[in-house]
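Working notes, beginning with the structure itself.
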Amino acid sequence: MKKKHLFWLLLPSYWALTAVAVIVVAFYAFHSMSNLNFQALENDINTRALLLADHAAPMVQRMDTKAIDALCKKLGRSVHTRFTVIASDGKVLGDSDENPDLMEYHGDRPEVRQALGGSQGIHRRYSRTVKQEMMYIAVPLKNENGEILCAVRAALPMTAIKGELNKMTSQVVVAALVTGLLAMAVCIVVVRRITAPLLGMSSAARKFAEGDFNHRIPAQQAVELDLLAESLNTMSEQLNKTLSTLSEQRNEQQAVLSSMDEGVLAIDRRERIIHMNRVAGEILGVDHTQVKRKLIQQVIRFSNLQEFSKAVLGSQKPISMDLTLIGKTEKQIQAHGTVLRNAADESIGALIVLRDVTHIRHLETVRADFVANVSHELKTPITSIKGFVETLLSDDWNHEPDILRFLEIINQQSGRLNAIIDDLLTLSRLEQKEGHVQKVPSELAAVINNAIYLCQLQAAKKNIAVTMECPGDLALAINAPLLEQALVNLIINAIKYSEPDKPVRIAARKLPGKVEISVKDEGFGIEHKHLERLFERFYRVDTARSRKLGGTGLGLSIVKHIVQVHEGSIRVESKLGIGSTFIISLPDEA
């Protein structure tokens, strides 16, 4: 339906109301004035009839018909009125215009019947005698006893009244037209006064929509319009503040995202790109300014990243994965994805953070190769040195005490150096195997027993009892030699840092989705500040004690890597002077 301006919606109704009001008023005025004229005419005729009755009373009592007729003609000529006197039997006794003897019976006239009945009679009709419409009024003429003697009738033509009514009608019509036109003009002014402020407010609203928030709507005379103007001005101020805040937040967000070293990619539930920052564009080899609202499959050609984004959309938990992007150059990427939620905590997509670790992986490879190569190259001379020193310490040689002490120091330190090299080689092998170790279902009780057996000699030296608590049927997919090595390292550590006769307890238990293995001692304990760095290479809580006990500083780091290649985790709980508990958590894939 075609829409109309408010002006053309209001104006016709105003005009219609005005026209109805003018017509009603004109009709009422015409009707009132007409009634007034007819009432005046009736009063005039009635007065003339009563005047005739007063003069004709004596003559009627004498029944002097000639005198009555003469009186009617005389008074009729003097006041220009037709007078008629009718006897009670309907016979005309006198008439101002005709010969009574020639006139027909008048007892059947409506006004005459009413007058002969004792009341005033009024009637309007066309007179065949005078050939025009007349108004007749008849009054009864009574004697002293109240008996009706005759009816005295006076009549005047309606011509004058009709002329006055026609003139009055013309005047009323002209007045109504003039009044209606003036009222319509006033309606136009009134409607414009209503619509003009609304048009101004509409124009102001368009300026607000275009961003001109400095514009203000002036105060209005009407209370309602003034309230609307104030509301629009207030809305403009609030909208300006809100848009300024949003713009500031957006600029801050853009600045943060643009300054990040990581690539940020946000997608919606339909896998359309919501946002991609500059670094993500550089990593993926696309123009980040031209990808908004496009499907990720149209922009990103790496199938593994597409699959990763699908996995993030379908998961309710954060996901991390190392990806290799093969293009013009091969890139190693760390991808972290999480569900993207709105203010109502509803999932609206996924947020993926990409970090290019190609250079870091290269450095790690170089470092691992360097450590492996150096350790391997050092192994042969250290073994030779250790062999020669052991030869010199044999009974075949008779050394002086000082030389013997020096040889024992060399033997001790070469042994320690050999242990460090062995641990470094172990770490290097673990780093190369990370995520690629072969795992087979194994009984944990057997693995733990083997580890305890390997540590019995060290435990016996300090009279430490190593006990195990593990269900016989508890099995897990593991690399048994590696897990055994990790447990040996933890048990040896527990023995080293415990006083003699203090027990070491090993326990394994099955929990929902995982298996926990704990190694608990009642040793010296570890301060809380050292716990976060405990699994770093060569990190020592007490350097002097560690050197005295012969540690390499790599044992716990090896344990951490063994647990990681099993996709598990390790944590430590410790209280100074009470003891420590190392807890290994491994996923149960059954």
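Nothing in this text is a laboratory measurement; each read-out follows from the coordinates by a stated rule. Remember, it's a predicted structure, so these values are computed and weren't measured experimentally. Counting neighbours? That spans all protein chains shown, and the Cβs are built from the backbone with ideal geometry, glycine included.
Per-structure values
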{"read-out": "Neighbour-count ranking [beta-carbon atoms within 10 angstrom, fewest first] of L102, L149", "value": "L102, L149"}
{"read-out": "At R0 = 35 Å, FRET efficiency that the Cβ-Cβ distance of N43 and V178 yields, to 0.05", "value": "0.60"}
{"read-out": "Neighbour-count order for H55, H80, fewest beta carbons within 10 angstrom listed first", "value": "H80, H55"}
{"read-out": "Low-density loop cleavage sites - chymotrypsin sites (Phe, Trp or Tyr not before Pro) in segment 104-178, where at most 14 other Cβ are within 10 Å (DSSP)", "value": "Y105"}
{"read-out": "Structure-based [θ]222 nm, the chain - -39500 (n - 2.57) summed over DSSP H runs of at least 4, per residue, nearest 500", "value": "-18000 deg cm²/dmol"}
{"read-out": "Column: log10 I(q)/I(0), Debye, Cα scatterers of the chain, q = 0.09 Å⁻¹", "value": "-0.95"}
{"read-out": "Number of Lys pairs (Cα under 18 Å; 8 or more positions apart or on different chains) in segment 1-159", "value": "4"}
{"read-out": "Percent RCO, i.e. relative contact order, over segment 260-356, from Cα pairs under 8 Å lying at least 6 residues apart", "value": "30"}
{"read-out": "Between 0 and 90°, nearest 10: helix 159-209 axis offset from the chain longest Cα axis", "value": "10"}
{"read-out": "Top positive-direction residue, dipole computed over the chain with Cβ charges, set T65, S309, N398", "value": "T65"}
{"read-out": "Between segment 112-153 and segment 515-538, the Cα center-to-center distance that results, in Å", "value": "139"}
{"read-out": "Degrees separating the helix 444-454 axis from the principal Cα axis of the chain, which is the longest one", "value": "40"}
{"read-out": "Phi to ³J(HN,Hα) by Karplus 6.51 cos²θ - 1.76 cosθ + 1.60 over segment 24-41, Hz, x for Gly, Pro", "value": "4, 5, 5, 4, 5, 5, 4, 5, 5, 5, 5, 4, 5, 5, 5, 5, 5, 5"}
{"read-out": "Sequence-separation-based contact order of the chain, relative, with Cα cut under 8 Å and 6+ spacing, percent", "value": "7"}
{"read-out": "Efficiency of FRET between E248 and L323 - r from beta-carbon atoms, R0 45 angstrom, step 0.05", "value": "0.80"}
{"read-out": "Difference of contour (0.36 nm per residue) and Cα-Cα distance, E400 to D212", "value": "57.6 nm"}
{"read-out": "Check: the chain dipole with +1 on Lys, Arg Cβ and -1 on Asp, Glu Cβ, in debye", "value": "2020"}
{"read-out": "Of I45, V357, L511, farthest towards positive along the dipole that unit charges on Lys, Arg, Asp, Glu beta carbons give the chain", "value": "I45"}
{"read-out": "Likely footprinting exposure, V191, V85, V559, V20, fewest C-beta neighbours within 10 Å first", "value": "V20, V191, V559, V85"}
